Amino acid sequence: MSRKLHARRIEGIDKNIWVEFSQLAADYKAVNLGQGFPDFSPPHFIQEAFCKALNGGFSKHQYTRAFGHPNLVKILAKFFSRIVGREIDPMEDILVSVGAYQALFCTFQALIDEGDEVIIVEPFFDCYQPMVMMAGGTAIYVPLKPREGCGPVLSSADWVLSPEELASKFSPRTKAIVINTPNNPLGKVKDL
Ligand SMILES: Cc1ncc(COP(=O)(O)O)c(C=O)c1O
């Protein structure tokens, strides 16, 4: 009997919007609004800092602290403490990851058990649902809906979350809710 190569946990995760849309944009020579292709260089000071780090000798080419370089986590803690209005401990509360995908993947793997439910607000960034699935959880959706009485031209502010509908999605199995603000794809800033 032949054995399946892929793990069961990735069954049903056989499509990816970025692969599909990038190919469609290339095939039809459309402007690809799904991905950014900057036609300008990064600011000079970033290029300089990058060169300085590369040319800094062997001491700059070592494993860093696993949760993030001390100088980086300290400055991030200072910056975000101001934003969230509470003291963030740079050595305990911050994990530097290689982009949001990695951070989300680690978070779902660390928090979600088989059978757990995760509430996701629609529309949502594509990776949340497969990441929940891979961790053995079930995604439970709650859509933003147009506010009552809004005109024919809608802005992201007109799309609102009904507290009653959100409350109705919670169950004893609810483990997490994903709040993406500012939201991708809408740009909407959630009023929390
Ligand atoms: C809401 C959201 N989540 C996740 C990602 C993935 O981020 P990254 O490219 O940093 O892994 C993006 C990227 O645009 C995003 O907008």
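Only one of the numbered conditions (1) within 13 Å of the ligand (Cβ to nearest atom); (2) part of a loop (DSSP other than H, G, I, E, B) is not met by Val153, and that is (1). Go through the stretch 109-140 and give me each residue that's open to solvent by 70 Å² or more (accessible area, probe 1.4 Å) and within 16 Å of the ligand (Cβ to nearest atom). Answer for the stretch 109-140, where residues must be open to solvent by 70 Å² or more (accessible area, probe 1.4 Å) and within 16 Å of the ligand (Cβ to nearest atom): just Gln109.
Matching residues to (1) closer than 30 Å to Met133 by Cβ; (2) within 16 Å of the ligand (Cβ to nearest atom); (3) part of a loop (DSSP other than H, G, I, E, B); (4) open to solvent by less than 90 Å² (accessible area, probe 1.4 Å):
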residue: Ala49; (1), (2), (3), (4): no, no, no, yes
residue: Gly56; (1), (2), (3), (4): no, no, yes, yes
residue: Ala66; (1), (2), (3), (4): yes, no, yes, yes
residue: Lys74; (1), (2), (3), (4): no, no, no, no
residue: Ala77; (1), (2), (3), (4): no, no, no, yes
residue: Val96; (1), (2), (3), (4): yes, yes, yes, yes
residue: Leu104; (1), (2), (3), (4): yes, yes, no, yes
residue: Thr107; (1), (2), (3), (4): yes, yes, no, yes
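Identify all residues within the stretch 1-17 that are open to solvent by 70 Å² or more (accessible area, probe 1.4 Å) and in a helix (DSSP H, G or I); write none if there are none. Of everything in the stretch 1-17, those that are open to solvent by 70 Å² or more (accessible area, probe 1.4 Å) and in a helix (DSSP H, G or I) turn out to be Arg8, Arg9, Ile17. Among what's in the stretch 177-191 and is within 16 Å of the ligand (Cβ to nearest atom) and open to solvent by 70 Å² or more (accessible area, probe 1.4 Å), pick the residue that is farthest from the chain's Cα centre (by Cα). The extreme case among them is Val189.
One residue stands out among those in the stretch 156-176 that are open to solvent by less than 60 Å² (accessible area, probe 1.4 Å) and not in a loop (DSSP other than H, G, I, E, B): the one that is nearest to Thr107 (Cα to Cα), which is Ala176.
The values are calculated or read from the model by the stated rules, or taken from the named source; none is laboratory data. Note that the structure is a prediction, hence the values are computed from the model and not measured. Because the Cβ atoms are built from the backbone with ideal geometry, glycine has one as well, and the counts that use them run over all protein chains shown. Protein only, heavy atoms only, side chains kept; ligands, DNA and RNA dropped before computing areas. Shrake-Rupley method; radii C 1.70, N 1.55, O 1.52, S 1.80 Å.
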